[in-house]
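As structure tokens, the structure follows; a few thoughts come after it.
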There are 2 protein chains.
Amino acid sequence: MGVRAQQKEKTRRALVDAAFNQLSAERSFSSLSLREVAREAGIAPTSFYRHFKDMNELGLTMVDEGGLTLRQMMRKGRQRAEAGGSVIRISVDTFMEVLESNPNVFRILLHERSGTSAAFRAAVEREIEHFISELAHYTEAQANRTPLLARAQAEALVILVFNAGASALDLKRSERKALADQLVLQLRMVATGAEALQQKMDNRT
Amino acid sequence: MGVRAQQKEKTRRALVDAAFNQLSAERSFSSLSLREVAREAGIAPTSFYRHFKDMNELGLTMVDEGGLTLRQMMRKGRQRAEAGGSVIRISVDTFMEVLESNPNVFRILLHERSGTSAAFRAAVEREIEHFISELAHYTEAQANRTPLLARAQAEALVILVFNAGASALDLKRSERKALADQLVLQLRMVATGAEALQQKMDNRT
DNA sequence: AAGTTGAGCGTACATTTGTACGCTAATTTA
DNA sequence: TAAATTAGCGTACAAATGTACGCTCAACTT
């Protein structure tokens, strides 16, 4: 890659990073202005357009990138689970760690999920869908579920986890433990219930 | 109430209604400006301050009012359930009807739940908490659950319902049916799972 | 070596925003 | 009836925003 393209990429990164860094509990992506992001990235407002058509395009980039980061981290965590132990417990712990080290990635996903732009909502939904279908396949194979049931179960699990994540963002580390415990309990409910419903269906044939 | 106070109340209502009416899939409360709301309500921007300290105060009013509306409607729907039939099915159907007739009430709750103001998040959480504890008491009595289990179960149920509501907002009426069906399935999973876990606990003593 | 490209800049402008201030006129109080 | 209160208005202003336009000069192409 030429010097020029390299520099361009660097500036683009600076923009994305600047935007991520400005997110917080008090600041959502949609409340960021183009000028603020440019300022934080150390470039002139008008230079922004050399990289993104508008803030929307930057935001979508962030959602995609964030979702990817999350999935990679969760996948890495899942490898730990293969060593044995409760899949649920280990997944929840991994999730909480990921949350703690990437709060802003989470914030943009959570907020824009119920956001004001259809494109954003769709993008977030796509990311969540990745989690759901990965999990559904896993359960379908592992626990011998009907696709329909596996899907419903996986979706319920993911929703509960994401929701707990949203709550966790507002909590101190000490309070998160209790949250995690309750989440584990809820996930077990779903898993147990799905199993029971599956059995009932199997017996009926 | 004097003529004066009456007129004031009327204008206040006009402001609240104006704000609600401007909400849509493309427009969140936090993206509304004070001037827009005043314009829609037919008053001068500066007159806004005769009724609310700032937009934040208006928003909190809307959350409280919206939450109340929702709870009243759900309660009315629950009376239908007493006539017999699946509690879960009837509740879900009621919920979907409420959603359809008050989409904007829902929008503000859903959006501000993951919003940028701690006060808003707390207010929404308070409203959701109402639902959860009402439901937890119901299950505790009805199904003889441990408080801890009842709470976890109720929370899971409410989260799944609200989440489905968020998805439903983006769907056509025809597509909502499938969503409702899956939601029912998920709620049954939780209920069945909670029951199983409760049994297991009871047997252990 | 000469010519082309394009990332980044500065200037400029029209819009929109929140809100301070002081007035008016109708209602309420005394 | 006289005085006090106050909802609503119009004017005004500083701040911020998105973005059009044209320039520069380093990097790349030919």
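The values are calculated or read from the model by the stated rules, or taken from the named source; none is laboratory data. Everything numeric here is computed off the predicted structure, so don't read it as measured data. No Cβ is skipped: glycine too gets one built from the backbone with ideal geometry, and neighbour counts run over all protein chains shown. Each accessible area value is taken on the protein alone, full model and side chains, heavy atoms only, with ligands, DNA and RNA left out. Shrake-Rupley method; radii C 1.70, N 1.55, O 1.52, S 1.80 Å.
How would the stretch A:1-52 be classified by its alpha-carbon gyration tensor: rounded, prolate or oblate, with rounded meaning a/c under 1.5 and the a/b versus b/c comparison settling the rest?
Cα axes put the stretch A:1-52 in the prolate bin.
Express in whole angstrom the spacing between the alpha-carbon centres of the stretch B:143-205 and the stretch A:25-85.
Cα centroid of the stretch B:143-205 versus Cα centroid of the stretch A:25-85: 33 Å apart.
At 1.4 Å probe size, with every protein chain present, just tell me what the per residue accessible area of chain B comes to in Å².
Roughly 51 Å² per residue, with all protein chains present.
Quick one: what does P(r) look like for the protein assembly as shown with 20 Å bins over all Cα pairs, in whole %?
Computed distribution, short to long bins: 24, 54, 20, 2.
Between residue A:172 and residue A:65, 0.36 nm times their residue separation minus their Cα-Cα distance comes to what?
Gain on extension, residue A:172 to residue A:65, equals 35.9 nm.
Given points 7 Å out from each Cα along the Cα-Cβ axis, report the residue B:89 to residue A:142 separation in nanometres with one decimal.
Output for this residue pair reads 3.2 nm.
List the lysines whose alpha-carbon lies under 28 Å from that of residue A:172, not counting same-chain residues fewer than 8 positions away?
Straight-line reach from residue A:172, under 28 Å: A:76.
Quote the total accessible area buried by chains A and B together, excluding ligands, DNA and RNA, probe 1.4 Å, nearest 100 Å².
2800 Å²
Could you work out what % of the accessible surface of the stretch B:1-155 is carbon and sulfur, using a 1.4 angstrom probe and leaving DNA, RNA and ligands out of the count?
53 percent
Gain in length, residue B:101 to residue B:81, computed as 0.36 nm per residue apart minus the alpha-carbon separation, to one decimal in nm?
So the extension gain works out to 5.2 nm.
From largest accessible area down, sort B:69, A:94; use a 1.4 Å probe on the protein chains.
Highest to lowest solvent-accessible surface, that is B:69, A:94.
Using a 7 Å offset from the Cα along the Cα-to-Cβ direction at both residue B:130 and residue A:125, what is the distance between the two label points in nm, to one decimal?
Label at residue B:130, label at residue A:125, 2.9 nm between them.
GluC sites (Glu not before Pro), restricted to the stretch A:10-55: which are DSSP loop and have at most 10 other Cβ atoms within 10 Å?
Sparse-neighbourhood loop GluC sites (Glu not before Pro): A:26.
I'd like to verify something in chain B: which complete DSSP H helices, judged by Cα projection on the helix axis, reach 27 Å or more and average at least 0.0 on the Kyte-Doolittle scale?
Qualifying helices, which must be both long enough and hydrophobic enough, are B:147-169.
Which residues of the stretch B:95-141 bury at least 50 Å² of accessible area once all protein chains are present, versus their chain alone (1.4 Å probe)?
B:111, B:114, B:116, B:121
How large is the Kirkwood hydrodynamic radius of the stretch B:55-204, counting all unique pairs of alpha carbons, in Å?
When all Cα pairs of the stretch B:55-204 are included, the Kirkwood radius is 16.2 Å.
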